[in-house]
C-alpha cells in the first residue's frame with residue numbers, strides 16, 4: 001500500500017514546491033494539493049512542483065463539476081500532467097467546498113459526477129470529445145497538444161451507490177475519513193462493484209484520506225486535532241456512531257456550530273461539549289498524539305492494507321515538513 005501526503009493549497013506555490021521536493025526525497029508515492037475555496041488555486045499552485053520534480057506523483061483533490069465544467073477540469077489536469085511528465089492526477093467529486101461558497105444547489109449528484117467523469121475520461125483519451133448529458137454537454141474538444149500518458153482520474157465518493165457508478169468510469173476512488181470500524185458498509189460494496197465492472201485485475205486504485213496530526217508535542221497534536229474535527233466528514237452520523245453512544249451522537253449533531261467555531265477561530269477549543277466525547281472522536285477519526293502512539297496508528301494503516309486499499313492519503317496541517325519526516329522514518333518502513 002502506497003503512502004501519499006496531502007497539503008492544503010494555502011501554503012502557496014513556493015512552499016508546496018519545497019514540500020513536494022522533500023516528499024520526493026523521502027520516498028512518498030504522491031503529494032496531493034487540496035482545492036479549498038479560501039486558498040490559492042490548486043492547479044496553479046502545483047505547477048512549479050510539477051516542473052521541478054522527476055519522480056513523485058502530483059494530484060489535485062477535490063474538484064467538483066459544480067465549480068468547473070468537466071472540460072475545464074480536464075484541461076487543467078492535462079496541463080498539469082504535461083508539466084509533470086505524466087505524473088498528475090485529479091479527484092473529481094459531486095460535492096466539495098466550492099459549490100457551497102458559490103451557493104450552488106446540489107442536485108442529482110450521482111448524475112453530475114458520472115457525466116463529469118465520463119467527459120474527463122474522454123478528454124484524456126485520443127478521440128475528440130462528444131457528449132450529451134442531462135447536466136453536462138461537450139463537443140469538439142481535442143487533446144492533440146498533449147504528449148504524455150493520461151493523468152489518473154479518481155472519483156471522490158463514500159456512499160455505496162456513488163462507488164458502484166464510479167468504478168465503471170474512473171481509474172480509482174478516494175474515500176474520505178473512512179475508518180476500519182466502517183469497513184462493514186464500505187468495503188463489501190466496493191469489492192463487489194470492482195468485480196462486476198471487470199476491474200479486479202485492472203490496477204484499480206482505492207485510496208482513503210486519513211487526517212494525520214501526530215507530533216513531538218502531544219498537547220499541540222490534540223489541539224490541532226480538535227480544531228479540525230468538524231471537517232472530518234462533517235461529523236456525519238455514519239462517521240461518529242462507531243465511537244459514541246446514541247445520546248452523544250445527538251449532542252454532537254445538535255452542536256455542530258461549536259465544532260465549527262473551534263475550526264474558524266483556529267483555537268481547537270470546542271466549548272460546551274464533554275471532553276470524553278471530543279476525545280472519542282479524535283481517537284476514532286484521526287491519527288493523533290506523539291511517538292508513543294505511532295504503533296497503534298501503523299496498526300490502523302495495516303488494517304487498510306489488509307482490506308484492499310492500494311493507497312492512503314495522510315492529510316497534514318501545521319508543520320507539514322516535520323510530519324513528513326516523522327512519517328518517512330516510522331511509517332514508510334512499516335508499510336513495505
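Some values worked out for this structure:
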| quantity | calculated |
| --- | --- |
| For residue 212: the one exception among (1) assigned by TED's automatic domain parsing to the domain that holds residue 322; (2) under 20 Å from residue 270 (Cα atoms); (3) at pLDDT below 95 | (3) |
| Test result for residue 321, assigned by TED's automatic domain parsing to the domain that holds residue 31, touching a helix residue (DSSP H, G or I) at 6+ places or on another chain (Cβ under 8 Å), at pLDDT 95 or above and surrounded by fewer than 18 Cβ atoms within 10 Å (Cβ to Cβ) | yes |
| Strands (runs of 3 or more DSSP E) completely within segment 118-204 that count 2 or more residues being more than 20 Å from residue 72 (Cβ to Cβ) | 172-176 |
| Residue within segment 307-318 that is exposed (fewer than 15 other Cβ atoms within 10 Å of the Cβ), in a loop (DSSP other than H, G, I, E, B) and outside the structural domain of residue 6 (by TED's automatic domain parsing) present | no |
| Some residue of segment 260-267 being touching a helix residue (DSSP H, G or I) at 6+ places or on another chain (Cβ under 8 Å), more than 28 Å from residue 296 (Cα to Cα) and either surrounded by fewer than 14 Cβ atoms within 10 Å (Cβ to Cβ) or in the same structural domain as residue 165 (by TED's automatic domain parsing) (or both) | no |
| Segments classed as strands (runs of 3 or more DSSP E), wholly inside segment 11-110, with at least 2 members that are over 17 Å from the mean Cα position of the chain (by Cα) and touching a residue at least 24 places away in the same chain (Cβ under 8 Å) | none |
| Set 262, 248: member being more than 24 Å from the chain's Cα centre (by Cα) and touching a residue at least 24 places away in the same chain (Cβ under 8 Å) | 248 |
| All positions within segment 100-110 that are in contact with a helix residue (DSSP H, G or I) (Cβ under 9 Å, 6 or more places away or on another chain) and surrounded by 12 or more Cβ atoms within 10 Å (Cβ to Cβ) | 104, 106, 109, 110 |
| Filter result (part of a loop (DSSP other than H, G, I, E, B) and surrounded by 23 or more Cβ atoms within 10 Å (Cβ to Cβ)) within segment 216-233 | 232 |
| Unmet requirement for residue 270, which otherwise passes all of (1) under 21 Å from the mean Cα position of the chain (by Cα); (2) within 29 Å of residue 319 (Cα to Cα); (3) without any contact (Cβ under 8 Å) to a residue 60 or more places away in the chain | (1) |
| Qualifying residues in segment 279-297 (those that are more than 18 Å from residue 240 (Cβ to Cβ) and in a loop (DSSP other than H, G, I, E, B)) - the one nearest to the chain's Cα centre (by Cα) | 289 |
| One residue from 242, 275 being surrounded by fewer than 17 Cβ atoms within 10 Å (Cβ to Cβ), on the phi < 0 side of the Ramachandran plot, outside the structural domain of residue 206 (by TED's automatic domain parsing) and free of Cβ contacts under 8 Å to residues at least 60 places away in the same chain | 275 |
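Yes or no, residue by residue, for (1) surrounded by fewer than 22 Cβ atoms within 10 Å (Cβ to Cβ); (2) under 18 Å from the mean Cα position of the chain (by Cα); (3) over 25 Å from residue 5 (Cβ atoms):
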residue: 141; (1), (2), (3): yes, no, yes
residue: 151; (1), (2), (3): no, yes, no
residue: 154; (1), (2), (3): no, yes, no
residue: 157; (1), (2), (3): no, yes, no
residue: 164; (1), (2), (3): yes, no, yes
residue: 168; (1), (2), (3): yes, no, yes
residue: 173; (1), (2), (3): no, yes, no
residue: 181; (1), (2), (3): yes, no, no
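So that you can scan it fast, the table gives a plain yes or no per residue for (1) surrounded by fewer than 20 Cβ atoms within 10 Å (Cβ to Cβ); (2) in contact with a helix residue (DSSP H, G or I) (Cβ under 9 Å, 6 or more places away or on another chain); (3) outside the structural domain of residue 149 (by TED's automatic domain parsing); (4) over 14 Å from residue 170 (Cα atoms):
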{"residue": "27", "(1), (2), (3), (4)": "yes, yes, no, yes"}
{"residue": "41", "(1), (2), (3), (4)": "yes, yes, no, yes"}
{"residue": "72", "(1), (2), (3), (4)": "yes, no, no, yes"}
{"residue": "76", "(1), (2), (3), (4)": "no, yes, no, yes"}
{"residue": "86", "(1), (2), (3), (4)": "yes, no, no, yes"}
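The values are calculated or read from the model by the stated rules, or taken from the named source; none is laboratory data. Remember, predicted model here, so these are calculated numbers, not experimental data. Heads up, the Cβs are rebuilt from the backbone with ideal geometry, glycines too, and the neighbour counts pull from every protein chain shown.
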